[in-house]
Amino acid sequence: MSPSPNLVNATAAQRLGAKILDALPVAALLAAAPLLLSLAMPGRDALPVGFAAGGALAGGFALWLWIWEAGTGKTPGNLAMGIRTTSEDGRAPGLIPVLLRNVLLALSGITVAGPVVLLLSNLWDRNSQRQGWHDKVARTLVVDVRAGRDPLLTGGLHTAAGAGRTSPAGSLASAGPLASTAVPGPGPLTSVPGLSAAAQPAQGRHQAAAPQFQAAPVAAPQYQAPQYQAQQFQAPAAQAVPAPPAAQSMPFQSVPVPASAPTPAPVPAPPGVHPDEELEMTRVARRRRSAGIRIRFDDGNSSVITGTALLGRNPGPKPQETADQLLDFADMGRSVSKTHLHLQADPNGIWVTDRNSTNGSAVVTVQGLREELEPGRPVLAPPGSTVFFGDRSFTVAPV
């Protein structure tokens, strides 16, 4: 797996292994010098002289090791384990911090298990295992430069966002912020590997810049109701009604006709029968549940979101708020807020909501369109898109 463009904590095993490798030359000098002198100079004085010579050689090696680590973060053990010692801002640790770490390590040697416990103390660090007890006192960090970025070579701990970052597969994050309706134009002509010089497109042949296509704004159509002209209703001409025959002696009385026919009263359903069950039983519709959405972080780790989740360095719900998952994301650069994002799984992707983070968030689609997230407004990130939060990112993929 290629190294992550972000910082990665050194594990406790790497720290312990590096110190053991650094201690081996010192132990070898202390043991070998008396033995060699006793063989070369037989006598009672050979052993004390040998110990003195071994101590001088071991002290010289320790002095060189101290200066080298203070200026470069390297030791033979660090090189072998792929780690570096840095200050808390990602620079060279300096003489005083390295000396303080080594003094604390030496003082812990009053017990056999003391150095081992001190070197493994980062396992109990609540801040994502960033520092051991001696690191906290000396204000130093230990990073894995094989799995992540080397801050000593890339501008320190708080380098510019995206420095050295490679665009995730399927996204065009390097294209920079784009409007949601912008269409990227063709880029400049560049040389093609494998072609002869004559076949290469000349840069000077086309001085005019490539035309940039801009989508013309289209106004939303306004709906207008069709105009209907009311027709004048003309009542038919009244016709004379012949009078009743004279033989009828009963006077004629007009019977009033109601303006509208009365509405028949509803017929009540039989006792024990629900009105909806007169024809057939109502079927219970089964709601289709999403199988979940997988998010793959830029350091290679992944998680499956099946409901709601909160993502951050130490995420926690607000009062009266619930979340199905809490994703505790380790970020040594501290560009990720304590509760940075709210995630909601959806069959069409994942809804991403920025929780008023310090360094902001953005969604970049497969086509390279970037949308900055407004705090509190959810945005759908479909599969294949990339979500940036602080200096970190993850891609969205179906399970």
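The values are calculated or read from the model by the stated rules, or taken from the named source; none is laboratory data. Owing to the predicted nature of the structure, the values given are computational and were not obtained by experimental measurement. Cβ placement follows ideal geometry from the backbone for every residue including glycine, while neighbour counts extend to all protein chains displayed.
Residues are listed down the side, and each one gets a yes or a no for (1) at pLDDT below 95; (2) loosely packed, with under 15 Cβ neighbours inside 10 Å; (3) touching a Gly at 6+ places or on another chain (Cβ under 8 Å):
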| residue | (1), (2), (3) |
| --- | --- |
| 356 | yes, yes, yes |
| 360 | yes, no, yes |
| 365 | yes, no, yes |
| 369 | yes, no, no |
| 376 | yes, yes, no |
| 387 | no, no, no |
| 390 | yes, no, yes |
| 393 | yes, no, no |
| 397 | yes, no, yes |
Q: Kindly provide the set of residues from segment 320-359 that are touching a residue at least 60 places away in the same chain (Cβ under 8 Å) and small (Gly, Ala, Ser), ordered by number.
A: 330, 333, 335
Q) Does residue 150 meet the test of being touching a helix residue (DSSP H, G or I) at 6+ places or on another chain (Cβ under 8 Å) and surrounded by 15 or more Cβ atoms within 10 Å (Cβ to Cβ)? A) no
Q: Answer yes or no as to whether residue 94 is in contact (Cβ under 8 Å) with a residue 24 or more places away in the chain and in contact with a Leu (Cβ under 6 Å, 6 or more places away or on another chain).
A: no
Q. Within segment 6-23, which residues are under 13 Å from residue 105 (Cα atoms) and among the small types (Gly, Ala, Ser)?
A. 23
Q | Test for residue 339: is it modelled with pLDDT of 90 or more and in contact with a strand residue (DSSP E or B) (Cβ under 7 Å, 6 or more places away or on another chain) | A | yes
Q.
Can you tell me which residue is surrounded by the most Cβ atoms within 10 Å (Cβ to Cβ) among those in segment 53-83 that are out of contact with any Lys or Arg (no Cβ under 7 Å at 6 or more places or on another chain) and of a type in the set (S, T, N, Q)?
A. 75
Q: Please specify each residue of segment 298-319 satisfying the condition of being surrounded by 18 or more Cβ atoms within 10 Å (Cβ to Cβ) and touching a residue at least 40 places away in the same chain (Cβ under 8 Å).
A: 298, 299, 305, 310, 311, 312, 313
